[in-house]
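The values are calculated or read from the model by the stated rules, or taken from the named source; none is laboratory data. Model, not experiment: these values are computed from the prediction. Cβ sites come from the backbone with ideal geometry, for glycine too, and all protein chains shown count toward neighbours.
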């Protein structure tokens, strides 16, 4: 069972690259993922001898990082060395290897502006259709609190879906915020009852927010929702500070409709100023359930079922538990696991069915002991 099968780790060997590798290792460890290393050399015209020396130095550094990853017990492949545009080669390689996520450092910020994001990282976020996990310099891997801003668009729906799955895996607090951007301004000289307008808009927005959240399974999670009013980028950064979030997960698009343009602008403004690591999504999940079609023993199927249950994949967990019952139809922990899944799904009849099966087996065991 895989949820994140392959991570593309793009490294530039700079001072912050050690922290980037540590973050990728911990992510891969949590999801039993494979890391594919990539380094891109600039497409400059060197004399053949100089080019050979540079390439060999890069290969040596990639092998050093690969050995480190392998020593940590993480699966990895032969590192990839490319030439050309950094952002273009990163995106092309991610597509070529079908990476679940690109992990990249935030890079060096523009020192003349209040931007905390490097040029390459920003280009990759903007141009990649695949999820991008940007690791902030000198930020250790920690996911105790996740912030997910939503605006009810398909992109923010995708972001929230993945936020829930990541929060479950790391037992993290999830804070879901949405910002009302009012279509009028209080400083106008017109005599309008702004408080009444505000309350009406807020009430309608909260209803829409609640309807949006009904699409998601948030049971048994530590989560909060909040509606904020004002400029979305400013309010999201305020929420980040208030919740002391370790990770921000946002939808991102560059498409042409008015709402999508707004989402793209908001995300762009926010990620340029974030002090923590973040993930952006457009149309592809980070988390993609991949079940291995192999005959396994009871312990394997049971452990897979329990992990799927914890991650919120209740129907898939039931399938794994039922595979256990084909091996041992009296396995009590499996029956309890199935009943728990059906309880989460709200299927009370099936909960009772499997609870009764558990009680019947226990009764037979007690009768046998007597």
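State which residue is nearest to residue 289 (Cα to Cα) when the search covers only region 21-37 and only residues that are assigned to a helix (DSSP H, G or I) and in contact with a helix residue (DSSP H, G or I) (Cβ under 9 Å, 6 or more places away or on another chain). Walk me through how you get there before you give the answer.
Going through region 21-37, the residues assigned to a helix (DSSP H, G or I) turn out to be 21-31.
Right, trim to in contact with a helix residue (DSSP H, G or I) (Cβ under 9 Å, 6 or more places away or on another chain) and you get 21, 24-25, 28, 30-31.
Details: 21: 24, 24: 19, 25: 20, 28: 15, 30: 14, 31: 11 Å.
So, considering only residues that are assigned to a helix (DSSP H, G or I) and in contact with a helix residue (DSSP H, G or I) (Cβ under 9 Å, 6 or more places away or on another chain), the one nearest to residue 289 (Cα to Cα) is 31.
Condition (residue is surrounded by fewer than 21 Cβ atoms within 10 Å (Cβ to Cβ) and over 16 Å from the mean Cα position of the chain (by Cα)) applied to region 274-282: is it met by at least one residue? Working first, answer last.
Step one: filter region 274-282 for residues surrounded by fewer than 21 Cβ atoms within 10 Å (Cβ to Cβ), giving 275-276.
Those still in the list that are over 16 Å from the mean Cα position of the chain (by Cα) too: 275.
Checking region 274-282: at least one residue is surrounded by fewer than 21 Cβ atoms within 10 Å (Cβ to Cβ) and over 16 Å from the mean Cα position of the chain (by Cα).
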*Matching residues in region 264-281 - criterion: being assigned to a helix (DSSP H, G or I) and either over 10 Å from residue 233 (Cα atoms) or outside the structural domain of residue 142 (by TED's automatic domain parsing) (or both)*: 264
_Condition first: closer than 27 Å to residue 157 by Cα, modelled with pLDDT of 90 or more and in contact with a helix residue (DSSP H, G or I) (Cβ under 7 Å, 6 or more places away or on another chain). Can you find one or more residues in region 346-367 that meet it?_
no
_Testing residue 218 on (1) modelled with pLDDT of 90 or more; (2) assigned to a loop (DSSP other than H, G, I, E, B); (3) in contact with a helix residue (DSSP H, G or I) (Cβ under 6 Å, 6 or more places away or on another chain), one condition comes back false. Which one is that?_
(3)
*Are any of the residues in region 137-144 surrounded by fewer than 18 Cβ atoms within 10 Å (Cβ to Cβ), over 16 Å from residue 280 (Cα atoms) and not assigned by TED's automatic domain parsing to the domain that holds residue 251?*
no
*Return yes or no: is residue 92 within 30 Å of residue 13 (Cβ to Cβ), at pLDDT 95 or above and surrounded by fewer than 21 Cβ atoms within 10 Å (Cβ to Cβ)?*
yes
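Inside region 246-261, can you point out the residues that are at pLDDT below 95 and surrounded by 15 or more Cβ atoms within 10 Å (Cβ to Cβ)?
Kept after step one, since they are at pLDDT below 95, are these residues of region 246-261: 250-261.
Selection gives 250, 251, 252, 253, 260.
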*Of the conditions (1) in contact with a helix residue (DSSP H, G or I) (Cβ under 8 Å, 6 or more places away or on another chain); (2) at pLDDT below 90, residue 226 fails just one. Which one is it?*
(2)
*Taking residue 268 as the residue in question, decide whether it is at pLDDT 85 or above and either surrounded by 15 or more Cβ atoms within 10 Å (Cβ to Cβ) or in contact with a helix residue (DSSP H, G or I) (Cβ under 9 Å, 6 or more places away or on another chain) (or both).*
no
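Could you identify the single residue in 64, 45, 49, 14 that is within 29 Å of the chain's Cα centre (by Cα), free of Cβ contacts under 8 Å to residues at least 40 places away in the same chain and exposed (fewer than 14 other Cβ atoms within 10 Å of the Cβ)? I'd like the intermediate steps shown before the answer.
Values: 45 fails: within 29 Å of the chain's Cα centre (by Cα); 49 fails: within 29 Å of the chain's Cα centre (by Cα); 14 fails: free of Cβ contacts under 8 Å to residues at least 40 places away in the same chain.
Selected residue: 64, the only one of 64, 45, 49, 14 that is within 29 Å of the chain's Cα centre (by Cα), free of Cβ contacts under 8 Å to residues at least 40 places away in the same chain and exposed (fewer than 14 other Cβ atoms within 10 Å of the Cβ).
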